[in-house]
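Inspection log for the structure reproduced underneath, given as structure tokens.
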2 protein chains.
Amino acid sequence: MAENSATGARPDDFESRLRAAGIRITRPRKIILEILGDKADHPGAAEIYRRAQRIDPSISLATVYRTMKLLEDFGAVHRHAFDGGPSRFEVVDGDHHDHLIDLDTGKVIEFHSETIERLQEQIADELGYDIEHHRLELYGRKRRER
Amino acid sequence: MAENSATGARPDDFESRLRAAGIRITRPRKIILEILGDKADHPGAAEIYRRAQRIDPSISLATVYRTMKLLEDFGAVHRHAFDGGPSRFEVVDGDHHDHLIDLDTGKVIEFHSETIERLQEQIADELGYDIEHHRLELYGRKRRER
DNA sequence: AGACTAGTTGCAAACGATTTGCATTTGCAT
DNA sequence: ATGCAAATGCAAATCGTTTGCAACTAGTCT
């Protein structure tokens, strides 16, 4: 059955884009796309696997990894390894942003600073480099002002 | 500029600091400290192991890892996982800096921008967070202007 | 609808990086 | 020198991730 989530998940978009690229939409992939559609957090492979299993227990972790790789190569997903930990994934929806990781909860907050972006470009330029991509992560804890 | 070390290594500094903290200076540790004294690059555990073995073939990889952990906890070393790869280490020598990683060679260039630092603080502040540490990595390739 | 086939799956085994249990050695204070 | 807690080397264990392979499907072509 086709369920429409009012929260903004539109896996159909992805499905058609993938189809257009000649990528098969299989049952596992459909489920994973559905999960990623949430966009609420930055789940790791194990978490995606757990959620997928609740929908279809026959899904394997290997397929989760393979699908994430596929989506990453396709450019639909970004992979992060915050503080050297296991990979966590994030759906790419156009706008670039950086991350503030809550050290207590692991929660990820997104932010963007055009000024910082420009400064990065400038620095790389002065060093004679072209930036391919970059990674800015702030690790912190909620301010506890009493 | 600061002081310069012609041949580079001054492990004695570290040794005394570690001794003062009640940490035993064993043969393997002495060797690893000597290697880290170079500060020329950002070697990974395997590379440190390789270099250590050239000095004393009996050193084990496990000890390299244990020692790096020790030094990291001691605050003498920082651990990086550039682009999700294996850990690479860097001696901490006071001044903070960020990194530009040459995607072709893996070489790491250090830089620092007080402006960026301040902007980061400001952003975290606006989000209600105190920064514990942060990580800014630029990944790029040497500009090939002909 | 049935058949075909290349792409995809699940499983388990393989993998690379790192950690750990344990018996043996060693630093270093006595 | 002696003693003992701490550190070592080794091998096995762990974690996250990838891969080989035989069985299975999605999408296509009748």
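The values are calculated or read from the model by the stated rules, or taken from the named source; none is laboratory data. Note that the coordinates shown come from a computational prediction; the quantities given were computed from them, not determined experimentally. Don't worry about glycine lacking a Cβ; one is built from the backbone with ideal geometry, like all the others, and counts go over all protein chains shown. SASA here: full protein model, heavy atoms, side chains in, ligands and nucleic acids out. Shrake-Rupley method; radii C 1.70, N 1.55, O 1.52, S 1.80 Å.
Sequence neighbours fewer than 8 away in the same chain don't count; with that in mind, list the lysines whose C-alpha is under 17 Å from B:Lys69. Partners found: B:Lys30.
The calculated 222 nm mean residue ellipticity attributable to helices in the protein assembly as shown amounts to -12000 deg cm²/dmol, summing -39500 (n - 2.57) over DSSP H runs of n ≥ 4 and dividing by all residues. Using every pair of distinct Cα positions in segment A:73-146, the Kirkwood expression returns a hydrodynamic radius of 14.2 angstrom. The residues of chain A expose, per residue, 59 Å² of accessible area to a 1.4 Å probe.
Name the lysines eligible as straight-distance cross-link partners of B:Lys107: C-alpha to C-alpha under 16 Å, and not fewer than 8 places from it in the same chain. Within reach: B:Lys39, B:Lys142. In this Cβ point-charge picture (+1 for Lys and Arg, -1 for Asp and Glu), the protein assembly as shown has a dipole of about 1600 debye about its Cα centre.
Shielding by partners for peptide A:138-145, expressed as the average number of C-beta atoms from other protein chains within 10 Å of each residue's C-beta, is 6.
For segment A:1-142, the residue among A:Ile59, A:Ile116, A:Val91 whose Cα projects farthest onto the positive side of the dipole built from Cβ charges is A:Ile59. Taken over segment B:98-140, the convex hull of the Cα atoms encloses 68 Å³ per residue. Rounded to two decimals, the Cα-based Rg/Rh of the protein assembly as shown, with Kirkwood Rh, is 1.02. Only beta bridges with both residues in chain B are counted; by DSSP, about 70 percent of them are antiparallel.
Between this copy and the others, label points of A:Leu61 are 2.1 nm apart in ascending order, each placed 7 angstrom from Cα in the Cβ direction. Over all orientations, segment B:11-91 has a Cα convex hull whose mean projected area works out to 4.9 square nanometres. The C-alpha radius of gyration of chain A, expressed as a fraction of 2.2 N^0.38 Å, stands at 1.20. Interface of A with B. Using a 1.4 Å probe and counting protein heavy atoms only, the two chains hide about 3200 Å² of accessible surface, both sides summed.
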